[in-house]
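One structure is given below, encoded as structure tokens.
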Amino acid sequence: MNDSSWGTPQTGYWGPSDHGPGRGAAPAGPAYDAHYAQQTRPMPIVPDVPEHGGDQDADPGAARLSGPPFRDEPTRARPHPGEAPQNPEPMPDAPQPARAPQKKSAGRDLGAAIGVGVGLGAVIVASLFVVKAVFVGVVTVAVVVGLWELTTRLKECKGIRAPLVPLALGGAAMVVSGYARGAEGAWVAMALTALAVLVWRMTAPPENYLRDVTAGLFAAFYVPFLATFVAMMLTADDGPWRVLTFLLLTVVSDTGAYAVGWRFGTHKLAPRISPGKTREGLLGAIAFSMAAGALCMQFLIDDGRWWQGLLLGLAVAVSATLGDLGESMIKRDLGIKDMGTLLPGHGGIMDRLDSLLPTAPVVWLLLVLFVGSG
């Protein structure tokens, strides 16, 4: 602090004294000035910035005038000699400890998810290539459990009472009819299931009748009717390979979306519906699914061509993503994360069927167009 930083000197007094009647008090009079006149000495010239940093005034009672003028900061009283400062504050330029980088997390028990997925895949493949009727039974059980999860969540979260009994019976009938009688059998079973839902709900009070039957009709179409197309794929001569292609492409699409999105995803795809999905993940799903589709159509499907597999893979990636977003929309509306807890690491049955259900009619239709119903 140099002399110029002290401002304009006052007559007979240069600042508060440690020996006067009070710290920083005004001069007491002529006698006071005469007594302390001998103590007044010129201030030595010191650098603006002390050697050890900060503002270190030689006189504890002197006002700090160095630094930028008119700083907007509260005035704090300086401690007496020998006293510890009150409420010391850290230096503004002190380095802050760096935060350890956080690793990305999948958000689920990955080990349990892989174990359950491998187990389900083994059951499906075994039933698919041993006896076709066994696989139809597996699909029927999945449909009934999915309906139970959906209707239970609707009741718990929204108070919607979609009748489970006619839905479960009608859903099983749809899958079996689709396998035995084709599309006509599936449509007839769907119509009878809708009628059963309307009649069954009449046994309860009329309040919210329209809401409940609407939810029941939605559940009948969303779960068993869409699953019927898997059973109809199985009726072809190469039916098991068609179903396997359908399952492989859907799983590869989900895997590609997860792998690419988790590693490179930065741009959200639909943040209001599913914050974890990214545009990069969608591109990964398309690339993985198209590559797998070309291989499957060339080597697994009778009379299939690799370029057909590219189109099939593209369609599967889009439909699987839309199906996933559709169920995410339902869960957002219900205020839940998973439809159930039956499958560790996966959630419920409906959390595994979300991509498969809307993809089944897409694959069935494209295979019929490319190679016939066979």
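Throughout, read-outs are computed from the coordinates displayed, never taken from laboratory work. Being a predicted model, the structure only gives us computed values, none of them experimental. FYI the Cβ positions are ideal-geometry reconstructions off the backbone, even for glycines, and counts take in every protein chain you see.
Normalised by residue number, the volume inside the convex hull of the Cα atoms of the range 126-235 is 78 Å³ per residue. The order of 272, 153, 332, 161, going from fewest to most other C-beta atoms within 10 Å of their C-beta, is 272, 332, 161, 153. The range 196-250: percent of C-alpha pairs farther apart than 13 Å? Beyond 13 Å sits 67 percent of the P(r) for the range 196-250. The percentage of C-alpha pairs in the range 219-374 whose separation is greater than 25 Å is 30%.
Computed extension length for residue 152-residue 169: 4.5 nm, one decimal, from 0.36 nm per residue of separation with the Cα-Cα distance subtracted. Candidates 299, 239, 334 compared by Cα position along the dipole of the range 237-374: farthest toward the positive end lies 334, with charges placed on Cβ. May I ask which of 155/337; 158/268; 155/277 have a Cα-Cα span longer than 18 Å here? Beyond 18 Å between Cα atoms: 158/268; 155/277.
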